[in-house]
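Participant: Take this structure first; my questions come after.
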């Protein structure tokens, strides 16, 4: 993530434009409007004359378009043509000369009078590895599409697939539950975007858990591949509760994922996410966040902490629970804030890093006393040899018992990582 000379690294201008598209997609829920926005973005980013999004019909196996600039709806049988091959192989197909490629179906050109010179076809794969559809762009104005265009299209397709999945899920759920159930629906959508499984990265173990205070929450956690034997850890906490904060933290997660996909370094990703949030959020909204990159071979973590405190590092040798420093103001407070070089911590065998939101630390008993950092630290020490899922369970159970009948006032989220041994 810190290699500036990677051959797969996108140009700065392409990275910034993709972030703009990601932000726009995050706010669009209507399917037809979303598809139009995706096609327009693909044409603009790739300087193409036309574009189409083929959605995948899981019942029939067909691909069909709802938006195709210059033509009506098109349905493609399973495996037929370039689009069908792209869906089956899930691979990018770049055709520099369509009329010289036997897979190209000329009938569409013959019906419309349009001549397709070159095309780029990219699969839309969702966050759960499900096929969402296929995106196709035609006739790059500067000539055939090149490898840089393929990288841009692949990065865009990843964000489009997630946006389409969100739109599909929301439409399906809203059909079943209207008005009074909207918050419950949003909660289900938000929970689906949490990691479905933890990284397999020996000698490290990971575990995460979240429970919103309302139907939807302003917390998020994620574990994201960040190169060979490296994983990024995200903990975010937006001000407030409900759909607005849920969208804010989902936006942070989405922008971080695209930054990592494009191999942006930690500081660049952090600054760009902050500047986008500063432009998007109202003046009384912000997101505290911790982003760390764990190198499983070097046994170290580099991190930036935007007002996310305390983050605990339990040192196995001494049992001390150290608090990691914050490095910046909360994200979205204002654009252009300076970000220092990311601090590094070394992880010895048995060490635990505990990312915990204030909903746990600030859980109140009936008299107003808070659960506090010391109790969390003590529980980490007491249960440090147990599986991390059980460690989380012990902390949550203790916090709930401490709170008694007092309602949970804030979202509670934990993400733990431990180096084996010790």
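Participant: Within the stretch 222-236, does at least one residue satisfy the condition of being within 13 Å of the chain's Cα centre (by Cα), assigned to a helix (DSSP H, G or I) and surrounded by fewer than 20 Cβ atoms within 10 Å (Cβ to Cβ)?
Facilitator: First, the residues of the stretch 222-236 that are within 13 Å of the chain's Cα centre (by Cα): 222-226, 232-236.
Right, trim to assigned to a helix (DSSP H, G or I) and you get none.
No: the stretch 222-236 contains no residue that is within 13 Å of the chain's Cα centre (by Cα), assigned to a helix (DSSP H, G or I) and surrounded by fewer than 20 Cβ atoms within 10 Å (Cβ to Cβ).
Participant: Being surrounded by 17 or more Cβ atoms within 10 Å (Cβ to Cβ) and at pLDDT 95 or above narrows it down to one residue among 331, 281, 312, 266; which is it? Explain how you work it out, then say what you get.
Facilitator: Working: 331 fails: at pLDDT 95 or above; 281 fails: at pLDDT 95 or above; 266 fails: at pLDDT 95 or above.
So the residue among 331, 281, 312, 266 that is surrounded by 17 or more Cβ atoms within 10 Å (Cβ to Cβ) and at pLDDT 95 or above is 312.
Participant: Across the stretch 46-67, what is the number of residues that are within 11 Å of residue 135 (Cβ to Cβ) and either out of contact with any strand residue (DSSP E or B) (no Cβ under 7 Å at 6 or more places or on another chain) or without any contact (Cβ under 8 Å) to a residue 40 or more places away in the chain (or both)?
Facilitator: 2
Participant: Within the stretch 348-364, can one find any residue that is free of Cβ contacts under 8 Å to residues at least 40 places away in the same chain, over 23 Å from residue 257 (Cβ atoms) and either under 20 Å from the mean Cα position of the chain (by Cα) or assigned by TED's automatic domain parsing to the domain that holds residue 225 (or both)? Step through it out loud before you land on a result.
Facilitator: Applying the first criterion (free of Cβ contacts under 8 Å to residues at least 40 places away in the same chain) to the stretch 348-364 yields none.
No, the stretch 348-364 contains no residue that is free of Cβ contacts under 8 Å to residues at least 40 places away in the same chain, over 23 Å from residue 257 (Cβ atoms) and either under 20 Å from the mean Cα position of the chain (by Cα) or assigned by TED's automatic domain parsing to the domain that holds residue 225 (or both).
Participant: Among 329, 312, which is more than 21 Å from the chain's Cα centre (by Cα) and more than 23 Å from residue 250 (Cβ to Cβ)?
Facilitator: Exactly one residue qualifies, and that residue is 312.
Participant: Scan the stretch 381-388 and give yes if some residue there is in contact with a helix residue (DSSP H, G or I) (Cβ under 7 Å, 6 or more places away or on another chain) and modelled with pLDDT of 95 or more, otherwise no.
Facilitator: Checking the stretch 381-388: at least one residue is in contact with a helix residue (DSSP H, G or I) (Cβ under 7 Å, 6 or more places away or on another chain) and modelled with pLDDT of 95 or more.
Participant: Let me ask something else about it. Filter the stretch 270-309 down to residues that are without any contact (Cβ under 8 Å) to a residue 40 or more places away in the chain and either within 20 Å of the chain's Cα centre (by Cα) or not assigned by TED's automatic domain parsing to the domain that holds residue 412 (or both), then give me how many there are.
Facilitator: Step one: list which residues in the stretch 270-309 are without any contact (Cβ under 8 Å) to a residue 40 or more places away in the chain, which gives 282-283, 298, 304-307, 309.
Still in the list and also either within 20 Å of the chain's Cα centre (by Cα) or not assigned by TED's automatic domain parsing to the domain that holds residue 412 (or both): 304-306.
Within the stretch 270-309, residues that are without any contact (Cβ under 8 Å) to a residue 40 or more places away in the chain and either within 20 Å of the chain's Cα centre (by Cα) or not assigned by TED's automatic domain parsing to the domain that holds residue 412 (or both) number 3.
Participant: Looking at the stretch 278-309 only, could you name the residues that are in contact with a helix residue (DSSP H, G or I) (Cβ under 7 Å, 6 or more places away or on another chain) and assigned to a helix (DSSP H, G or I)?
Facilitator: Correct list: 280 only.
Participant: Checking residue 33 against (1) surrounded by fewer than 18 Cβ atoms within 10 Å (Cβ to Cβ); (2) outside any loop (DSSP other than H, G, I, E, B); (3) modelled with pLDDT of 90 or more, only one condition comes out false. Which one?
Facilitator: (3) is the only condition that residue 33 fails.
Participant: So, residue 122, is that one under 18 Å from residue 49 (Cα atoms), crowded, with 17+ Cβ neighbours inside 10 Å and either over 25 Å from the mean Cα position of the chain (by Cα) or modelled with pLDDT under 90 (or both) or not? Outline the logic, then answer.
Facilitator: Numbers: under 18 Å from residue 49 (Cα atoms): yes; crowded, with 17+ Cβ neighbours inside 10 Å: yes; either over 25 Å from the mean Cα position of the chain (by Cα) or modelled with pLDDT under 90 (or both): no.
For residue 122, the condition - under 18 Å from residue 49 (Cα atoms), crowded, with 17+ Cβ neighbours inside 10 Å and either over 25 Å from the mean Cα position of the chain (by Cα) or modelled with pLDDT under 90 (or both) - is not met.
Participant: Given the condition modelled with pLDDT of 95 or more and surrounded by fewer than 21 Cβ atoms within 10 Å (Cβ to Cβ), answer yes or no: does some residue in the stretch 415-422 qualify?
Facilitator: Taking the stretch 415-422 as the starting set, the residues that turn out to be modelled with pLDDT of 95 or more are 415-419.
This time we only want the ones that are surrounded by fewer than 21 Cβ atoms within 10 Å (Cβ to Cβ), so: none.
Among the residues of the stretch 415-422, not one is modelled with pLDDT of 95 or more and surrounded by fewer than 21 Cβ atoms within 10 Å (Cβ to Cβ), which makes the answer no.
Participant: Which ones in the stretch 28-44 are under 25 Å from residue 248 (Cβ atoms) and touching a helix residue (DSSP H, G or I) at 6+ places or on another chain (Cβ under 9 Å)?
Facilitator: 28, 29, 30, 31, 34, 35, 37, 38, 41
The rows are residues; the columns are (1) crowded, with 17+ Cβ neighbours inside 10 Å; (2) more than 21 Å from the chain's Cα centre (by Cα); (3) assigned by TED's automatic domain parsing to the domain that holds residue 153; (4) modelled with pLDDT under 75.
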site: 6; (1), (2), (3), (4): no, yes, no, yes
site: 19; (1), (2), (3), (4): yes, no, yes, yes
site: 26; (1), (2), (3), (4): yes, no, yes, yes
site: 29; (1), (2), (3), (4): no, no, yes, yes
site: 42; (1), (2), (3), (4): yes, no, yes, no
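The values are calculated or read from the model by the stated rules, or taken from the named source; none is laboratory data. Note that the structure is a prediction, hence the values are computed from the model and not measured. Glycine gets a Cβ as well: all are built from the backbone with ideal geometry, and neighbour counts include every protein chain shown.
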